[in-house]
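The structure appears below as structure tokens.
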Amino acid sequence: SQAPPCPPIAGGPLEMGGGAGKEKDVVKNISKKDSGIFPFPQTLDPKVLLLCADVGGTSSRLHLFYAERKDKLAEQPVRHPTRKEIPESIYQMKYSNEKFDSLTEVIKVFLESSKVESIPLIACLGVAGVVVNNTSYLVNSGWKLNGDAMARELGIWRVVLINDFEAQGYGILTLNVKRECEVLQEAPILQGAPIAVLGAGTGLGEAYLTTGTNGDYEVWPSEGGHAEFAPRQDGSDNLQFEMCQYLQIKYSAKARISVERIVSGRGIANIYQFLAWKFPDKVNKEIHKKFLGLREESKQDPATVVEAANSESCDLCVQAVDLFSGAYGAEAGVVALKYMPFGGLFLTGGVTARTRDFILGRKGRDHHFLEAFLDKGRVSCMLTRVPVFVVHGEDLGERGSKLKALRLFEEAEHRRMCALGTH
């Protein structure tokens with residue numbers, strides 16, 4: 001049978017001269033055109049070792065797993081693995097970043113402790129920083145990352161850095177929606193339609209997914225969390241406008257406050273701090289002291305606010321999380337207007353998980369999230385067609401970086417077999 005067409009390789013088409021029939025020459029061409037640091041292996045075992053990681057601000061979670069090779073090219077252009085085809089990890093560990101001088105050092109310790117003799121062929125690392133030209137800088141740890149330099153030092157054919165929220169986007173593709181999500185708004189999922197991901201954690205992550213030429217979803221990260229926050233007013237209640245003015249002074253902002261200053265873990269701390277200033281008679285002194293920590297400038301812990309709100313032990317904390325939930329819903333509605341994600345809008349992140357009862361309107365709480373989500377004037381009706389889900393668990397980054405590593409291998413293997421003419 002005729003081999004399927006090969007996708008173009010970054011940097012131009014594969015150049016096959018008079019020696020194209022020789023595997024060694026072809027493999028050299030592949031390595032030059034496909035971003036690998038070392039020549040692509042001329043032969044591979046039936047199972048190929050891959051590495052993935054979710055590298056956050058304070059900790060790193062690493063996994064080793066095997067990818068199955070295919071003996072022949074498929075009759076159709078390469079299709080990426082489905083959820084059911086994601087392999088189990090053979091070894092995984094979590095490390096505290098503060099104990100290491102670099103991510104390369106973490107990976108070396110991880111590989112040595114795994115007792116696996118072979119070196120991974122490909123590594124995909126989801127990192128908590130902006131990625132440009134396979135480089136990144138992690139503010140919390142002070143690590144400067146360069147994927148190509150790491151590949152050289154570790155002896156890995158290719159090390160690819162992706163943004164941690166891009167990894168979460170790929171993690172969405174691994175979900176069993178019925179088992180791993182709660183329905184916030186029920187609507188039919190339109191196959192092939194855009195998908196949106198919104199995640200409140202330490203900051204606010206946003207991404208969207210669209211299908212490519214082969215029907216598989218690709219993730220496009222954004223910095224939408226840094227767009228302007230639009231305060232809302234219910235009748236004569238202009239509390240959100242006052243909060244914006246308060247935060248403009250706090251952050252010495254000239255004319256704006258970003259959504260992330262409100263819709264995030266730090267945002268909950270900002271909201272509570274404003275409310276404590278606005279309504280000093282409502283402050284629970286014991287909880288406020290815990291929020292501030294030993295010194296006023298040292299902590300401002302949003303977890304304290306969320307815990308007190310969930311237990312209903314502090315009215316001011318309940319008000320803070322209610323305000324957060326409404327602002328979160330309003331931003332989710334804006335995201336839905338921009339991308340029209342009829343394939344689903346997924347809410348992720350640690351703060352989302354901890355404020356789930358408020359977001360879902362449980363335990364007799366007002367449904368501030370969904371009310372704000374749907375309050376979009378003349379196009380509100382369109383938003384009722386968007387399926388909205390709250391994701392359980394907080395391992396999407398790990399799952400997404402694993403899926404991306406597997407995709408990178410599938411694509412490289414497909415190119416290699418095309419070049420060798422393996423039918």
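The values are calculated or read from the model by the stated rules, or taken from the named source; none is laboratory data. Please read these numbers as outputs of a predicted model, since none were measured by experiment. Here the Cβ is made from the backbone with ideal geometry for all residues, glycine too, and neighbour counts use every protein chain on show. Remember, those area values only see protein heavy atoms, side chains included, never the ligands or the DNA or RNA. Shrake-Rupley method; radii C 1.70, N 1.55, O 1.52, S 1.80 Å.
Computed as a quarter of the hull surface, the mean projected area of the alpha carbon convex hull for segment 343-423 stands at 8.7 nm². Note on segment 331-423: with neighbouring protein chains present and a 1.4 Å probe, carbon and sulfur make up 51 percent of its accessible heavy-atom surface. Between residue 277 and residue 105, the simple spin-label model (points 7 angstrom out along Cα→Cβ) gives 4.0 nm.
Please go through the residue pairs 47/115; 99/299; 178/376; 338/376; 94/290 and name each one whose alpha carbons sit more than 19 Å apart in this structure. Correct reply: 99/299; 178/376; 94/290. Computed from label points 7 Å out along Cα-Cβ, the spacing between residue 382 and residue 176 is 3.6 nm. Under 12 Å from a point 7 Å along the Cα-to-Cβ line of residue 392: which residues of segment 171-212 have their amide N that close? Counting only backbone N, you get 176-183. Note that the chain presents 49 Å² accessible area per residue, ligands and nucleic acids not counted, probe 1.4 Å.
Dipole magnitude for the chain: about 420 debye, using +1 per Lys or Arg Cβ and -1 per Asp or Glu Cβ, origin at the Cα centre. Taking trypsin sites (Lys or Arg not before Pro) as exposed when their DSSP state is a loop state and no more than 10 other Cβ atoms lie within 10 Å, the longest site-free interval of the chain runs over 116-253.
When 237, 301 are compared by accessible area of protein heavy atoms, the largest-first order is 237, 301, using a 1.4 Å probe. Put simply, the Cα atoms of the chain extend 82, 49, 40 Å along their principal axes, the longest span coming first. Ordering 138, 280, 359 by Cα displacement along the dipole of the chain toward the positive end leaves 138 in first place; charges were set at the Cβ atoms of Lys, Arg (+1) and Asp, Glu (-1). Label zone (residue 116, point 7 Å along Cα-to-C-beta; backbone nitrogen cut-off 17 Å) within segment 51-65: 51-55, 61-65. Look at the dipole of the chain built from charges on Cβ: of 319, 56, 203, the Cα furthest out on the positive end belongs to 56.
Calculated over segment 187-259, the projected area of the Cα convex hull averaged across directions stands at 7.6 nm².
If the segment from residue 375 to residue 363 were pulled out straight at 0.36 nm per residue, it would be longer than the present Cα-Cα gap by 2.0 nm.
For segment 259-376, a crude dipole built from +1 on the beta carbon of Lys and Arg and -1 on the beta carbon of Asp and Glu, taken about the Cα centre, is about 200 debye to the nearest 20.
Here segment 275-420 is treated as an ellipsoid with the same Cα gyration tensor; its semi-axes, largest first and in whole Å, are 38, 23, 12. Counting only protein heavy atoms and a 1.4 Å probe, tell me what percentage of segment 202-251's accessible area is made up of carbon and sulfur. Carbon and sulfur together cover 50 percent of it. Taking only the C-alpha atoms of segment 228-287, the Rg (one decimal) and the largest Cα-Cα distance, Dmax (whole number), read 11.9, 35 Å.
For the chain, averaging the sequence separation of C-alpha pairs within contact (under 8 Å, six or more residues apart) and dividing by the residue count gives a relative contact order of 21 percent. May I ask you to derive the FRET efficiency for residue 92 and residue 236 from their Cβ-Cβ distance with R0 = 35 Å, giving the value to the nearest 0.05? Calculated value: 0.05.
Surface composition of segment 98-140: carbon and sulfur make up 49 percent of the accessible area, probe 1.4 Å. For the set 157, 220, solvent exposure ranked by accessible area (probe 1.4 Å, protein chains only) runs largest to smallest as 220, 157.
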